[in-house]
Each structure stands twice: as structure tokens, then as C-alpha cells.
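Chemist: So that we are looking at the same thing, I have put the structure below in C-alpha cells.
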Amino acid sequence: MRATISEEGACACSLLSDSADWNDETWSMRPEVLDRLATTLEVLARLGPKALFVEALWVGDAARETVSVTPKELAQVARSGKLGTHTRYAVVREG
């Protein structure tokens, strides 16, 4: 299964700030969307499919690294605006 998180029902481009650059290590995101994004990702990570991976990639790009995170850690990464431009987050559920 594949899902997309967006404000407008297509790509998540509207979550990015005007200074976002796919060559940067992390995405520059609009501050006002960070809390909602973090909450959404945490709920999905806690209650979604057992094997869950989250990627914030530009169309056609591939992840260059995989990082294991708990649902809470994933939310912290999103809330801090530090989602990697080429990172795949493998969610490991607590307990």
C-alpha cells in the first residue's frame, strides 16, 4: 500500500517552504504545517500497517539511507522540520 500526505490531495509540495531544495540534507518546510504533519505521521506510525516506511522524496528520487525510528521519534523529526530529502524511515513500534 502507498499513501500520500498533502494539503491539496496531490503531492506534498505545498508543505515545503519557498527555500526548499532537494539538494539539501533535509526539507525546508513551512513552520505552520509541522505540528499537523508530525501528529499525522505519529498516528499512522502507531496505528497503521505493521511494516511501515515513510519517505519524503522528490518524484523520481530514491532513498539513499534507511533510518529506524519509533513513532515518537518520527514525529519529533517531522515536528523539528528535519525530514531527510533522501531518507527512508523504517518505523519500529515500541513494545
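Chemist: Filter region 8-21 down to residues that are within 14 Å of the chain's Cα centre (by Cα) and either modelled with pLDDT under 85 or in a loop (DSSP other than H, G, I, E, B) (or both) and give me whichever is farthest from LEU57 (Cα to Cα).
Modeler: SER14
Chemist: When region 36-51 is examined, which residues are found to be touching a residue at least 40 places away in the same chain (Cβ under 8 Å) and exposed (fewer than 12 other Cβ atoms within 10 Å of the Cβ)?
Modeler: Of everything in region 36-51, those that are touching a residue at least 40 places away in the same chain (Cβ under 8 Å) and exposed (fewer than 12 other Cβ atoms within 10 Å of the Cβ) turn out to be PRO49, LYS50.
Chemist: Further, regarding this structure: Identify, from the list ARG64, ARG46, the residue that is touching a Pro at 6+ places or on another chain (Cβ under 6 Å) and at pLDDT 90 or above.
Modeler: Among ARG64, ARG46, only ARG46 is touching a Pro at 6+ places or on another chain (Cβ under 6 Å) and at pLDDT 90 or above.
Chemist: Take the residues in region 57-76 that are out of contact with any Phe, Trp or Tyr (no Cβ under 7 Å at 6 or more places or on another chain) and free of Cβ contacts under 8 Å to residues at least 24 places away in the same chain; name whichever of them is surrounded by the most Cβ atoms within 10 Å (Cβ to Cβ).
Modeler: My answer is GLU73.
Chemist: If you take the residues of region 54-88 that are part of a strand (DSSP E or B) and out of contact with any Ser or Thr (no Cβ under 8 Å at 6 or more places or on another chain), which of them is farthest from ARG36 (Cα to Cα)?
Modeler: SER68
Chemist: Going through VAL54, VAL33 one at a time, which residue ends up being among the β-branched types (Val, Ile, Thr), surrounded by 13 or more Cβ atoms within 10 Å (Cβ to Cβ) and touching a helix residue (DSSP H, G or I) at 6+ places or on another chain (Cβ under 6 Å)?
Modeler: VAL33
The values are calculated or read from the model by the stated rules, or taken from the named source; none is laboratory data. Here the structure is a predicted model, which means the values were calculated and not measured. Positions of Cβ are generated from backbone atoms using ideal geometry, with glycine treated the same way; all protein chains shown enter the neighbour counts.
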